[in-house]
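Q: Okay, here's the structure, questions in a sec.
The values are calculated or read from the model by the stated rules, or taken from the named source; none is laboratory data. Here the structure is a predicted model, which is why all the values come from computation and not from measurement. Cβ atoms come from the backbone with ideal geometry, glycine included; neighbour counts cover every protein chain shown.
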Amino acid sequence: MNSFFARKYVVSGIFVAIVLTLVARLFYLQIIDDSYIHSANSNVMRKVIVYPARGVILDRKGKVLVQNEPVYDLMVTPREVKEIDTALFCKLIDIDKEGFIKRMAKAKAHSPYRASIFEKQLSVRTWAQYQEYQYQFRGFYVQKRTIRSYPDSIAAQFLGYVSEVNDKDIERSNGFYRSGDYIGRSGVERSYEDLIRGKRGVNNLMVDALNRPKGIFMEGKYDTLAVAGEGLVSSLDKDLQILGENLMKNKLGSIVAIEPATGEILAYVSSPSYNPNLMVGRQVGNNYMKLLNDETKPLFNRPIQASYPPGSVFKVVSALTAQQAGVIDRNTVFFCPHGYSYGGGRGWMGCTHYHGSTSLQRSVAVSCNTYYGFTYAKMIDSRGLSGPKAYDLWRNAVTQFGIGHKLGIDLPGEKAGLLPTSEFYTKRYGNDKWRSSFNISLSIGQGEMGITPLQMANIMAIVANKGFYYRPHLIKGIGAQKIAKKEFTEKISAGVDEQYYPVVIQGMSDAVNTPEGTAWSNRIPGIEMCGKTGTAQNPHGENHAVFFAFAPRENPKIAIAVFVENAGYGGTWAGPIASMMVEKYLKDTITAPKYIQDRIYKANFLPAPKKVADPKIKDVKKADSIKSKTDTTKSKRQVAALVKPKETIVHHSEVKRRYE
């Protein structure tokens with residue numbers, strides 16, 4: 001009897017243990033482990049992210065600069081993937097088997113139960129091929145999105161590009177961005193990211209066991225709509241931009257054209273440039289590395305990041321600030337004996353010609369260095385102040401023309417240029433007893449001074465407006481209402497009264513429209529263009545060609561700066577480019593002689609590519625090492641004859657010494 005009861009308790013205990021095990025297992029599966037509910041939901045419902053279209057960017061006349069085109073991201077939920085025809089799958093989306101394995105491993109590492117991107121940006125054509133066989137590939141589905149498209153392949157540095165967000169972007173966005181989202185990386189795509197990115201939505205779809213959509217879940221009750229980004233109307237004139245990029249082909253430099261009355265940028269050329277379409281699609285990574293390693297630096301945004309000695313354009317600023325300071329007036333005359341002597345005769349700053357007695361107006365027209373040597377000396381040495389204190393007054397006047405600080409353009413990465421402080425020179429010379437002779441090259445826009453092409457064009461806008469400017473900008477209207485940013489409607493004074501501009505403007509007109517002027521060959525029939533040539537000294541090679549102008553003289557419509565690196569004379573190379581740009585904008589035609597146009601279009605000032613050692617040549621040298629002693633000696637003599645002596649590198653800060 002006792003044995004019977006013992007067996008009874010044992011059997012009962014076994015049943016209780018089994019029941020408890022089943023209950024525990026059910027509790028684990030239903031409460032703790034969510035894999036089955038993920039799988040069940042995936043078999044019934046699919047959440048599809050609806051990516052908004054980024055805002056379209058137009059030129060000032062409503063022509064499209066940037067638009068969107070559809071692409072498809074191939075998504076995968078690893079747990080749902082069953083046996084598939086891997087060879088067919090790889091062929092359809094143009095990858096190899098090794099690529100398939102790597103992508104699948106990455107997806108599983110992300111989550112076996114949640115969908116992630118398997119392959120990005122399938123084209124419409126690839127998607128069409130894949131769609132026919134989609135039912136065979138359970139666990140995969142396609143998610144539609146858009147990418148940027150550039151119909152004319154222009155203005156790459158202005159427009160910028162878009163790329164996928166990284167972990168830092170996601171962290172900085174406070175949860176707005178998620179993995180797989182895209183963000184503006186440069187240009188106006190970055191500056192206006194918050195406005196043009198839009199807001200994503202979600203569609204909940206019902207699907208069957210073969211991953212085929214079967215309708216909208218709960219009649220769209222839980223769906224959210226995507227909101228497209230705001231469109232942008234740029235200030236750019238597309239036709240003028242295309243002309244500028246063609247004129248600057250095979251050249252290093254910039255063109256910036258501004259509408260003086262508004263500060264709107266009409267043309268923004270950074271050369272060499274690149275096709276912005278290279279920065280979209282499945283090959284963007286490879287294309288980016290090629291551009292990054294290009295010796296000509298096409299990703300470098302020259303109009304706002306390159307800093308050059310301004311050369312003769314600075315004489316315009318000197319003429320205006322010196323009048324405002326009262327050290328010269330329109331009747332002031334200086335004698336030019338082919339140069340300016342300073343430092344008690346120990347130093348000499350040469351001038352291009354013997355100008356003799358030269359007035360302020362004529363000094364601008366003929367670009368007399370001597371005149372501005374005397375003017376700078378008066379500003380620094382003849383105001384009853386120490387050199388550093390007088391220099392501070394001079395520097396303050398110059399900075400009001402937008403030199404030495406950022407102008408605030410609506411692009412990332414703008415540089416301030418360079419205008420040294422008095423402390424810089426005091427530290428350099430070891431005391432504060434220095435005078436104008438210690439940095440006389442500043443008087444003609446050389447020496448330690450550096451300004452950006454944007455700042456150069458803005459100086460011309462100031463002169464055209466006779467004393468003020470609006471902050472240069474590339475976007476004139478935002479959204480359907482074409483709203484303008486407040487900071488771009490603010491009128492900024494350059495600190496020189498209007499009464500001092502006419503004599504300088506007349507000198508600039510003479511420079512272009514009279515035979516004695518330095519830009520006589522760049523005049524435009526029927527248009528009074530006021531301009532200034534420049535040949536900025538470059539201690540590292542050929543001089544830079546510079547030209548600045550505005551037109552017409554009355555009611556100016558365009559102010560322009562052209563900078564061509566290592567080209568030589570401004571009137572020969574930069575001047576014709578500016579003239580063609582101005583005439584195209586004002587008259588929609590170009591009347592420059594064909595031989596001049598051909599010369600500009602065909603010119604190539606790109607540096608010679610660096611020679612890369614060829615492994616085959618090394619092999620030949622090894623083979624040649626068995627030559628006779630006589631042959632080897634002859635070879636050494638031949639090589640020695642070809643070796644050039646080392647070039648002496650003169651630093652930017654040492655240009656002044658050329659005059660001493």
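Q: What are the pairs with Cβ atoms under 7 angstrom where one residue, in segment 108-124, is assigned to a strand (DSSP E or B) and the other, located anywhere, is among the acidic types (Asp, Glu)? Sequence gap at least six, or different chains.
A: These pairs meet every condition: Ile117/Asp73; Lys120/Asp73; Gln121/Asp73.
Q: Determine, yes or no, whether Val562 is closer than 15 Å to Lys532 by Cβ and in a strand (DSSP E or B). Can you show your working first?
A: On the way: closer than 15 Å to Lys532 by Cβ: yes; in a strand (DSSP E or B): yes.
In short, yes.
Residue-by-condition table, conditions (1) touching a residue at least 40 places away in the same chain (Cβ under 8 Å); (2) under 30 Å from Tyr342 (Cβ atoms); (3) small (Gly, Ala, Ser):
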| site | (1), (2), (3) |
| --- | --- |
| Phe438 | yes, yes, no |
| Ala464 | yes, no, yes |
| Gly477 | yes, no, yes |
| Asn522 | yes, no, no |
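Q: Do we have any residue at all in segment 309-324 that's in contact with a Phe, Trp or Tyr (Cβ under 8 Å, 6 or more places away or on another chain), surrounded by fewer than 23 Cβ atoms within 10 Å (Cβ to Cβ), free of Cβ contacts under 8 Å to residues at least 60 places away in the same chain and over 24 Å from Lys433 (Cβ atoms)?
A: no
Q: Same structure, new question: Within segment 259-289, which residues are assigned to a loop (DSSP other than H, G, I, E, B) and closer than 30 Å to Trp127 by Cβ?
A: If the condition is that a residue be assigned to a loop (DSSP other than H, G, I, E, B) and closer than 30 Å to Trp127 by Cβ, then Tyr274, Asn275, Val280, Gly281, Arg282, Gln283 are the ones that fit.
Q: Separate question: State all residues of segment 341-369 that are in contact with a Gly (Cβ under 6 Å, 6 or more places away or on another chain) and not aromatic (Phe, Trp, Tyr); if no residue qualifies, say none. Please lay out each step first, then the result.
A: Within segment 341-369, the first condition is being in contact with a Gly (Cβ under 6 Å, 6 or more places away or on another chain), and the residues that meet it are 348-351, 361, 364-365.
Met349, Gly350, Cys351, Gln361, Val364, Ala365, listed by residue number.
Q: Can you tell me which residue in segment 197-227 is modelled with the lowest pLDDT, limited to those that are in contact with a strand residue (DSSP E or B) (Cβ under 8 Å, 6 or more places away or on another chain), exposed (fewer than 14 other Cβ atoms within 10 Å of the Cβ) and part of a loop (DSSP other than H, G, I, E, B)?
A: Here the answer is Asp208.
Q: State all residues of segment 134-164 that are under 24 Å from Pro112 (Cβ atoms) and either free of Cβ contacts under 8 Å to residues at least 60 places away in the same chain or of a type in the set (A, V, I, L, M, F, W, C) (or both); if no residue qualifies, say none.
A: Gln136, Phe137, Phe140, Val142, Glu164
Q: Which ranges mark the strands (runs of 3 or more DSSP E) fully within segment 297-380 that have 2 or more residues being hydroxyl-bearing (Ser, Thr, Tyr)?
A: Details: elements: 333-336, 339-342, 347-350, 356-359.
Where strands (runs of 3 or more DSSP E) fall fully within segment 297-380 and carry at least 2 residues being hydroxyl-bearing (Ser, Thr, Tyr), they are 339-342, 356-359.
Q: Scan segment 109-123 residue by residue and report those that are surrounded by 14 or more Cβ atoms within 10 Å (Cβ to Cβ), over 22 Å from Leu278 (Cα atoms) and small (Gly, Ala, Ser).
A: Ala115, Ser116
Q: A further question on this structure: Can you name the residue in segment 541-591 that is over 30 Å from Ala608 (Cβ atoms) and among the small types (Gly, Ala, Ser) and, of all such residues, is surrounded by the fewest Cβ atoms within 10 Å (Cβ to Cβ)?
A: Here the residue is Ala551.
Q: A further question follows. Quick check on my filter: what residues within segment 429-448 are over 18 Å from Val398 (Cα atoms) and in contact with a strand residue (DSSP E or B) (Cβ under 6 Å, 6 or more places away or on another chain)?
A: Matches in segment 429-448: Ser437 only.
Q: I need the full set of residues from segment 416-429 which are closer than 30 Å to Ala551 by Cα and either outside the structural domain of Tyr372 (by TED's automatic domain parsing) or in a loop (DSSP other than H, G, I, E, B) (or both), in order please. Working first, answer last.
A: Pass one, segment 416-429, residues closer than 30 Å to Ala551 by Cα: 416-419.
Matches in segment 416-429: Ala416, Gly417, Leu419.
Q: Of the conditions (1) under 38 Å from the mean Cα position of the chain (by Cα); (2) surrounded by fewer than 21 Cβ atoms within 10 Å (Cβ to Cβ), Ile409 fails just one. Which one is it?
A: For Ile409, the exception is condition (2).
Q: Quick one: count up the residues across segment 578-613 that are among the β-branched types (Val, Ile, Thr) and in contact with a strand residue (DSSP E or B) (Cβ under 8 Å, 6 or more places away or on another chain). Steps first, answer last, please.
A: Just the residues of segment 578-613 that are among the β-branched types (Val, Ile, Thr), to begin with: 582, 589-591, 596, 600, 612.
Retained after the next criterion (residues that are in contact with a strand residue (DSSP E or B) (Cβ under 8 Å, 6 or more places away or on another chain)): 582, 591.
Total meeting the criteria: 2.
Q: Identify, from the list Asp381, Asp392, Asp410, Asp432, the residue that is assigned by TED's automatic domain parsing to the domain that holds Pro310, touching a residue at least 60 places away in the same chain (Cβ under 8 Å) and among the acidic types (Asp, Glu).
A: Asp410
Q: Something else: Return the residues of segment 454-498 that are among the aliphatic types (A, V, I, L, M), surrounded by fewer than 20 Cβ atoms within 10 Å (Cβ to Cβ) and under 21 Å from Gly404 (Cα atoms); say none if nothing qualifies. Before you say what the answer is, go through the steps one by one.
A: In the first step, residues of segment 454-498 are kept if they are among the aliphatic types (A, V, I, L, M); the result is 454, 456-457, 459-464, 474-475, 478, 480, 483-484, 492, 494, 496.
Subset that is surrounded by fewer than 20 Cβ atoms within 10 Å (Cβ to Cβ): 478, 480, 483-484, 492.
Selection gives Ile492 alone.
Q: What's the number of the only condition in (1) small (Gly, Ala, Ser); (2) in the same structural domain as Gly568 (by TED's automatic domain parsing); (3) crowded, with 21+ Cβ neighbours inside 10 Å that Gly281 fails to meet?
A: Unmet for Gly281, out of (1) small (Gly, Ala, Ser); (2) in the same structural domain as Gly568 (by TED's automatic domain parsing); (3) crowded, with 21+ Cβ neighbours inside 10 Å: (3).
Q: Only one of (1) surrounded by fewer than 16 Cβ atoms within 10 Å (Cβ to Cβ); (2) within 15 Å of Ser443 (Cα to Cα) is not met by Gly356, so which one is it?
A: In the conditions (1) surrounded by fewer than 16 Cβ atoms within 10 Å (Cβ to Cβ); (2) within 15 Å of Ser443 (Cα to Cα), Gly356 misses (2) alone.
Q: Need a quick list: strands (runs of 3 or more DSSP E) entirely within segment 456-541 having at least 2 residues that are among the hydrophobic types (A, V, I, L, M, F, W, C).
A: 475-478, 530-536
Q: Please verify whether segment 425-442 includes one or more residues that are at pLDDT 95 or above, closer than 18 Å to Ile558 by Cβ and crowded, with 22+ Cβ neighbours inside 10 Å.
A: no
Q: Could I ask something else about it? Filter segment 228-258 down to residues that are small (Gly, Ala, Ser) and in a loop (DSSP other than H, G, I, E, B) and give me whichever is farthest from Val188 (Cα to Cα).
A: Restricting attention to segment 228-258, the residues satisfying the condition of being small (Gly, Ala, Ser) are 228-229, 231, 234-235, 244, 253-254, 257.
Next, from what is left, pick out any that are in a loop (DSSP other than H, G, I, E, B): 228-229, 231, 235.
Details: Ala228: 17, Gly229: 13, Gly231: 12, Ser235: 12 Å.
Filtering segment 228-258 for residues that are small (Gly, Ala, Ser) and in a loop (DSSP other than H, G, I, E, B), the one farthest from Val188 (Cα to Cα) comes out as Ala228.
Q: So Cys368 ticks every box in (1) buried (at least 20 other Cβ atoms within 10 Å of the Cβ); (2) touching a helix residue (DSSP H, G or I) at 6+ places or on another chain (Cβ under 6 Å) but one. Which box is left unticked?
A: (2)
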